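*Asks:* Can you keep this structure in mind? I'll have questions shortly.
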Amino acid sequence: MKRIFITLATCSFVLAAILVLSSPPLLAHHGRGATYAKTELSLKGTVKEVLWRNPHIAIFLDVKDETGKVTTWAIEHSNISQLARLGYSRTTLRAGMEVTAVVNPGAKGEPIGLCQKIILADGKEIFLRDSLPEELQRGPRGVGKID
């Protein structure tokens, strides 16, 4: 009888420990880790990489300044399921493409941005934030708050 009690107590403790350790990620609310300026900035450059993953896709853009120095900008957009519903896929934007990204830059001057749209070399505009549902629009034209 004592052995059964010890086994049950041990199992209960292990189960409780698993629940306690796994609950913070389950209860966490995801939000934007960065703050963005209310102004827009156009960045002309070469796509270095596109991470097509949740919670938001990330576009890395190599931008040359007047002196030829290259800065890699990390540009955030919406989630993959929303963009897929709008007809975009992981092959819409690929490494090596020359594009102009219109972003709300990082509020602290860091090379990050919240994507408003991407303009391809032929002038076609893609990833337009205005085409998102109202609750996902962010920036000067959207309803979302930018700090």
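*Asks:* Restricting the first residue to the stretch 72-99 and requiring it to be of a type outside the set (Ser, Thr, Tyr), which pairs with a second residue that is open to solvent by less than 30 Å² (accessible area, probe 1.4 Å) and assigned to a helix (DSSP H, G or I) meet a Cβ separation below 8 Å and a spacing of at least six or different chains?
*Replies:* Close Cβ pairs satisfying both conditions: HIS77/LEU83; HIS77/ARG129.
*Asks:* Here are some conditions: (1) in contact with a helix residue (DSSP H, G or I) (Cβ under 9 Å, 6 or more places away or on another chain); (2) over 21 Å from ALA121 (Cα atoms); (3) at pLDDT 90 or above. THR92 meets all but one. Which one does it not meet?
*Replies:* If we test THR92 against (1) in contact with a helix residue (DSSP H, G or I) (Cβ under 9 Å, 6 or more places away or on another chain); (2) over 21 Å from ALA121 (Cα atoms); (3) at pLDDT 90 or above, just (2) comes out false.
*Asks:* Give the stretch 53-89 a look and list any residue that's surrounded by 17 or more Cβ atoms within 10 Å (Cβ to Cβ) and in a loop (DSSP other than H, G, I, E, B), or say none.
*Replies:* HIS56, ILE57, HIS77, SER78, TYR88
*Asks:* Now for a separate question. If you go through the stretch 90-110 one residue at a time, how many are closer than 23 Å to ALA37 by Cβ and exposed (fewer than 15 other Cβ atoms within 10 Å of the Cβ)?
*Replies:* Adding up the residues that qualify gives 3.
So that you can scan it fast, the table gives a plain yes or no per residue for (1) in contact with a Phe, Trp or Tyr (Cβ under 8 Å, 6 or more places away or on another chain); (2) closer than 19 Å to GLU134 by Cβ; (3) not acidic (Asp, Glu):
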position: GLY68; (1), (2), (3): no, no, yes
position: THR71; (1), (2), (3): no, no, yes
position: ASN79; (1), (2), (3): no, yes, yes
position: TYR88; (1), (2), (3): yes, yes, yes
position: ARG94; (1), (2), (3): no, no, yes
position: ALA107; (1), (2), (3): yes, no, yes
position: GLY113; (1), (2), (3): yes, no, yes
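*Asks:* Go through the stretch 100-135 residue by residue and tally those that are among the charged types (D, E, K, R) and part of a loop (DSSP other than H, G, I, E, B).
*Replies:* Residues meeting the conditions: 4.
*Asks:* How many of the residues in the stretch 53-71 are free of Cβ contacts under 8 Å to residues at least 40 places away in the same chain and under 14 Å from CYS115 (Cα atoms)?
*Replies:* Count: 4.
*Asks:* Only one residue in GLY106, GLY96, GLY113 is of a type outside the set (Asp, Glu) and more than 14 Å from the chain's Cα centre (by Cα). Which one? Before the answer, list the steps.
*Replies:* Working: GLY106 fails: more than 14 Å from the chain's Cα centre (by Cα); GLY113 fails: more than 14 Å from the chain's Cα centre (by Cα).
Exactly one of GLY106, GLY96, GLY113 is of a type outside the set (Asp, Glu) and more than 14 Å from the chain's Cα centre (by Cα), namely GLY96.
The values are calculated or read from the model by the stated rules, or taken from the named source; none is laboratory data. Quick caveat, the model's predicted, so the values are computed rather than measured. As a convention, Cβ positions derive from the backbone with ideal geometry for all residues, glycine included, and neighbour counts pool all protein chains shown. Surface accessibility is based on the protein's heavy atoms, side chains included, excluding ligands, DNA and RNA. Shrake-Rupley method; radii C 1.70, N 1.55, O 1.52, S 1.80 Å.
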